[in-house]
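Working notes, structure below.
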Amino acid sequence: SFGRGNHGRVGCAGPCTPRRTSAMARDYGSMPPANPEEVEQVIPRRSGLRAVVGRVGYALLSVGAFVVVVNNVAPRAKTSLVEGTTTLVETMKTKSTTSGLDFAATNEYSGTTAQPAGSAYPFIKKGKLVEPMRQTTFTATHETYELETCSWKINQEVSSQSSKTDTPWGAGVPEGGLTMTGVEVVMMVESPGEYQITLSCETTDGTTVENEAETVASLFVRRELRSMSMSDRHAYLDAFKIMTELSTTEGQSTYGSTYSSLDTFVALHLNTAGARSHDKIHDGMGVVTQHVAITQAFEASLQSIAPQLTVPYWDYTRDSATTKETQMGLDSKIFQISELWSSDFFGSSVGDDEHTILNGRFAFQKVGMVTDETAGSILHGPYGYLRAP
């Protein structure tokens, strides 16, 4: 210890043995001399004022050292003055932090299923998925502060932009990005890809909180037919109906180069799957590549009409479970009892011996015939009708 012990001695926890004063002892003036009169001539006794001043100086040095330590340990942003402020109080009101700020993206489908869309994919962060051409609500939150207002900016990563030469999609946001203000805002991106979101918020106590630019994924989400919203279901079925009515040539003049008629896909499906010798798109690995490619082309045609759409899927296990419970397991009954073959979806042919669709938007739909557009089909019925493989 460098504190004073008993009788003002240095380093003594108890009584110290007196010894002759050395030059060092005399310099520090801390050891009692063996002969006080002798030392009296060398070191004058300190006055009470001098002792007080010495102690005050020591205290000031201690406080200064403490301030230096604290200033180096504590975050400097919390104590240094911000440009344009004149007092520490003003500084505290305008302090900035990047921790604790977060946001979540939701749309009309959020909360409608037990598992949020994208939750099974490790590369998609929770609350960081948006869907192209769909209104998305962005909500900012902070783990500590109550937010007053926020400034948002969305930029698309250039490497994720699509080219309109081979897809319906170009840039998803205007050049320079999208900007909006509010704790909760509604925005829409127009193409798949990755987007950077920069967020800066003011809290109710005047603190500025910011986030580092965070990436959100913009992806189409395929849903079961019966899980689609009413507006999406109607848009899908209406677009499908247009594809049955307009030829590829007519449709492309209206909707663009990615449009193809339904007959075009029927002929393509026949040519690749209907040969007696082999099936190119279902057997083996064909379904993983070729059939997926056909589905993607079909989806691009739908999106040329209604760009927010994607191809839904049919979870037939739901209907199969129903037939096992009510129809003794006869899956052929699905086409009679499932809601998918009602006027709200594809229409019903129940009661017609020729299996004619009797109601809904597809009522009395005709089977396509080989035309100049589908002349490449090598498989068709004896009267030129396109048929199933």
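Throughout, read-outs are computed from the coordinates displayed, never taken from laboratory work. The model shown is predicted, which means the values in this text are computed figures rather than measured ones. No Cβ is skipped: glycine too gets one built from the backbone with ideal geometry, and neighbour counts run over all protein chains shown.
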**OP:** Any chance you could run the full-extension gain for SER151 through MET369? It's 0.36 nm times the residue separation minus the Cα-Cα distance, nm to one decimal.
**Re:** 72.8 nm
**OP:** Could you tell me which of rounded, prolate or oblate describes the stretch 165-249, using a ≥ b ≥ c as the square roots of the eigenvalues of the alpha-carbon gyration tensor, with rounded for a/c under 1.5 and, failing that, prolate when a/b is larger than b/c and oblate otherwise?
**Re:** prolate
Original post:
Where does the charge balance sit around ALA267 when Lys and Arg score +1, Asp and Glu -1, over other residues with C-beta under 13 Å from its C-beta?
Top reply: -2
Original post:
Among rounded, prolate and oblate, which fits the stretch 236-376 when a ≥ b ≥ c are the square roots of the eigenvalues of its C-alpha gyration tensor, a/c under 1.5 means rounded, and a/b larger than b/c means prolate?
Top reply: prolate
Original post:
Counting pairs of alpha carbon atoms under 8 Å apart in space and at least six apart in sequence, what relative contact order in percent does the stretch 319-389 give?
Top reply: 16 percent
Original post:
Under a Cβ-Cβ cut-off of 14 Å, what is the net charge of the residues other than ALA105 that fall near it, where Lys and Arg count +1 and Asp and Glu count -1?
Top reply: -2
Original post:
Each residue of the stretch 250-267 in order: what ³J(HN,Hα) in whole Hz does its phi give by Karplus 6.51 cos²θ - 1.76 cosθ + 1.60, θ = phi - 60°, with x for Gly and Pro?
Top reply: 5, x, 5, 5, 9, 10, x, 6, 8, 6, 9, 6, 5, 4, 4, 6, 4, 5
**OP:** Rank by packing, highest mean first: peptides 228-234, 323-329, 270-276, with packing defined as the count of other Cβ atoms within 10 Å averaged across residues.
**Re:** 270-276, 228-234, 323-329
Subject >> Gyration tensor (alpha-carbon) shape descriptor, the stretch 212-271, a/c threshold 1.5 >> reply: prolate
Subject >> Efficiency of FRET between GLU214 and ARG387 - r from beta-carbon atoms, R0 56 angstrom, step 0.05 >> reply: 0.60
Original post:
For GLN196 and GLN327 in the same chain, what is the full-extension length gain: residue separation times 0.36 nm, less their Cα-Cα distance, in nm?
Top reply: 41.9 nm
Subject >> Residues whose placed amide H lies under 5 Å from that of THR149, excluding near-sequence neighbours >> reply: GLU202
Subject >> VAL186-PHE335 FRET efficiency (beta carbon distance; Förster radius 41 Å; 0.05 resolution) >> reply: 0.50
